[in-house]
Amino acid sequence: MKTEHNIIESLNWRYATKIFDPEKKVSEEDLFELTEVLRLSPSSFGLQPWKFIVVTDPQIRKLLKEHSWNQSQVADASHLIVLCARTDLDEKLVKSFIEHTAKIRGVSKESLLHYEQMILGTRKSMSDQAALEWAKKQVYIALGFLMEAAALKKIDTCPMEGFDASKYDEILGLKKENLTAAVLCPIGYRSMDDKYASLKKVRFERSQVLLKK
Ligand SMILES: Cc1cc2nc3c(=O)[nH]c(=O)nc-3n(C[C@H](O)[C@H](O)[C@H](O)COP(=O)(O)O)c2cc1C
């Protein structure tokens, strides 16, 4: 069954790209669209506990590659997106989110009090470590949206956890911005030399992963 955007065809086309063509750049227009996809991603309570850094500086990317198991995608893709989780999931952030919501929706802060209490209650039930893990889960949703949208546009990506987050935090000065690197997603165009592009996709059969109860 074909759908308008041919989603399944795009998902079969995409693969975790190992070798990017360093000469091929994603246009500003496409980059804008993909970063809008990140911004529009859903998150628990709508809190958006993230920021996304587009790294283009070749020197910085060379340095980051050294702390990413030397994986070439970090330096060679058109753009490197570092998806970061906020480390300041605190009362101040929740209150500013509520204020922002009230302003956008044209309602009073008071009318959102119950919502605010619910978010604060959830946050208070967690340790700081658990809150950070919670934030990172939201970041991975944005990663999924990004990869799917890129595939629909025939732009290659590679989700990457193979990097030293503490080094990224240091090199990109993330700590002082209350952020930590959660996952990477280089974007660009595959190199003709990437043998992984022609490998068969390995997925379990439908009957093994889809259950009916
Ligand atoms: C969270 C996550 C982290 C990953 N980290 C890396 C990585 O550091 N380097 C890499 O080359 N591939 C990485 N991958 C790619 C996976 O190996 C790949 O998605 C998987 O083998 C399925 O293959 P496909 O994406 O080509 O269909 C990662 C994938 C995910 C989802």
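The values are calculated or read from the model by the stated rules, or taken from the named source; none is laboratory data. The structure presented is a predicted model; accordingly, all values stated were derived computationally and were not measured. FYI the Cβ positions are ideal-geometry reconstructions off the backbone, even for glycines, and counts take in every protein chain you see.
Scanning region 58-109 for residues that are within 16 Å of the ligand (Cβ to nearest atom), more than 21 Å from Gly144 (Cβ to Cβ), in a helix (DSSP H, G or I) and touching a helix residue (DSSP H, G or I) at 6+ places or on another chain (Cβ under 8 Å) returns Arg61, Leu64, Lys65, Ala75.
Can you find even one residue in region 61-74 that is among the acidic types (Asp, Glu) and touching a residue at least 12 places away in the same chain (Cβ under 8 Å)?
Among the residues of region 61-74, not one is among the acidic types (Asp, Glu) and touching a residue at least 12 places away in the same chain (Cβ under 8 Å), which makes the answer no.
The number of residues in region 134-159 being touching a residue at least 60 places away in the same chain (Cβ under 8 Å) and near the ligand (Cβ under 8 Å from one of its atoms) comes to 3.
Could you list all residues from region 165-192 that are over 12 Å from the mean Cα position of the chain (by Cα) and not in a helix (DSSP H, G or I)? Correct list: Leu172, Gly173, Leu174, Asn178, Leu179, Thr180, Gly188, Tyr189, Arg190, Ser191, Met192. The number of residues in region 169-205 that are surrounded by fewer than 10 Cβ atoms within 10 Å (Cβ to Cβ) and more than 16 Å from the ligand (Cβ to nearest atom) comes to 3. Quickly run through region 44-57 and pick out the residues that are assigned to a loop (DSSP other than H, G, I, E, B) and in contact with a Ser or Thr (Cβ under 9 Å, 6 or more places away or on another chain). Those that are assigned to a loop (DSSP other than H, G, I, E, B) and in contact with a Ser or Thr (Cβ under 9 Å, 6 or more places away or on another chain): Gln48, Pro49, Thr56. When region 51-65 is filtered for residues that are surrounded by 17 or more Cβ atoms within 10 Å (Cβ to Cβ), within 10 Å of His79 (Cα to Cα) and not aliphatic (A, V, I, L, M), only Arg61 remains. Of all the numbered requirements in (1) of a type outside the set (Val, Ile, Thr); (2) within 11 Å of the ligand (Cβ to nearest atom); (3) part of a helix (DSSP H, G or I); (4) touching a Phe, Trp or Tyr at 6+ places or on another chain (Cβ under 8 Å), Gly162 misses one, and that requirement is (3).
Among the numbered conditions (1) surrounded by fewer than 18 Cβ atoms within 10 Å (Cβ to Cβ); (2) outside any loop (DSSP other than H, G, I, E, B), the only one that Ala149 does not meet is (1). Among the candidates Val26, Val54, the residue that is of a type in the set (A, V, I, L, M), more than 15 Å from the chain's Cα centre (by Cα) and modelled with pLDDT of 95 or more is uniquely Val26.
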